[in-house]
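Structure first, commentary second.
The values are calculated or read from the model by the stated rules, or taken from the named source; none is laboratory data. If you're wondering where the values come from, they're calculated on a predicted model, not measured in any experiment. We place every Cβ from the backbone using ideal geometry, glycine too, and count neighbours over all the protein chains shown. To get the accessible areas, we keep the full protein, side chains included, count just its heavy atoms, and leave off ligands, DNA and RNA. Shrake-Rupley method; radii C 1.70, N 1.55, O 1.52, S 1.80 Å.
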Amino acid sequence: MVPYLLTGLSVLVAGVIHWSAPHAFWRATLTSTATILLLSIAALFIFQSSGLLVSEETGQSADITDSLLLVTGLVSFFGLLISIFVGWFLRAVR
């Protein structure tokens, strides 16, 4: 459930930023990527503290602090892809 929430949040953030800045494509892409990164990392820590990140194999709460660098890199790449695709889609729709 958590990945779907973060994906929906990412698409919404990228859509709003690209819609508000239609002529500055790369600036809007970098801004939305940074915003997605910050919101996703904050949401992961919130989900971890509330107990929503539970391992399916062991049933224990997942600890993301050990792999925070890997998570940050993957979320940055994911946020960049979402931002580019949403920006191109909105450019094509307009």
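Neighbours of Ser20, meaning other residues whose beta-carbon lies under 13 angstrom from its beta-carbon, give a summed charge of +2 when Lys and Arg score +1 and Asp and Glu score -1. A simple rule links phi to the HN-Hα coupling: the Karplus curve 6.51 cos²θ - 1.76 cosθ + 1.60 with θ = phi - 60°, which for the range 70-84 gives 5, 4, 4, x, 5, 5, 5, 5, 4, x, 5, 4, 4, 5, 5 Hz, with x for Gly and Pro. Looking at the range 36-83, the accessible area is 65 square angstrom per residue; that uses a 1.4 Å probe and ignores ligands, DNA and RNA. Taking amide H positions as modeled 1.01 Å from N, with prolines and chain starts lacking one, the residues under 5 Å from Val54 and 5 or more places away or on another chain are Ala62. Across the range 12-26, computed HN-Hα scalar couplings (Karplus, 6.51 cos²θ - 1.76 cosθ + 1.60, θ = phi - 60°) run 5, 5, 5, x, 5, 5, 5, 5, 7, 10, x, 9, 9, 4, 6 Hz from first to last residue, x flagging Gly and Pro.
Each Cα pair under 8 Å and six or more residues apart adds its sequence gap; the mean of these over the residue count of the chain is a relative contact order of 41 percent. Averaging the sequence gap over all C-alpha pairs within less than 8 Å and six or more residues apart, then dividing by the number of residues, gives the range 31-83 a relative contact order of 52 percent.
Fully extending the segment from Thr58 to Val2, taken as 0.36 nm per residue of separation minus the present Cα-Cα distance, adds 18.4 nm. (1) 1.20; (2) 1.40; (3) 0.97: which one is Cα Rg over 2.2 N^0.38 Å as calculated from this entry? After the calculation, the listed value that fits is (1). Here the chain exposes an accessible surface that is 73 percent carbon and sulfur, computed with a 1.4 Å probe and the other protein chains kept in place.
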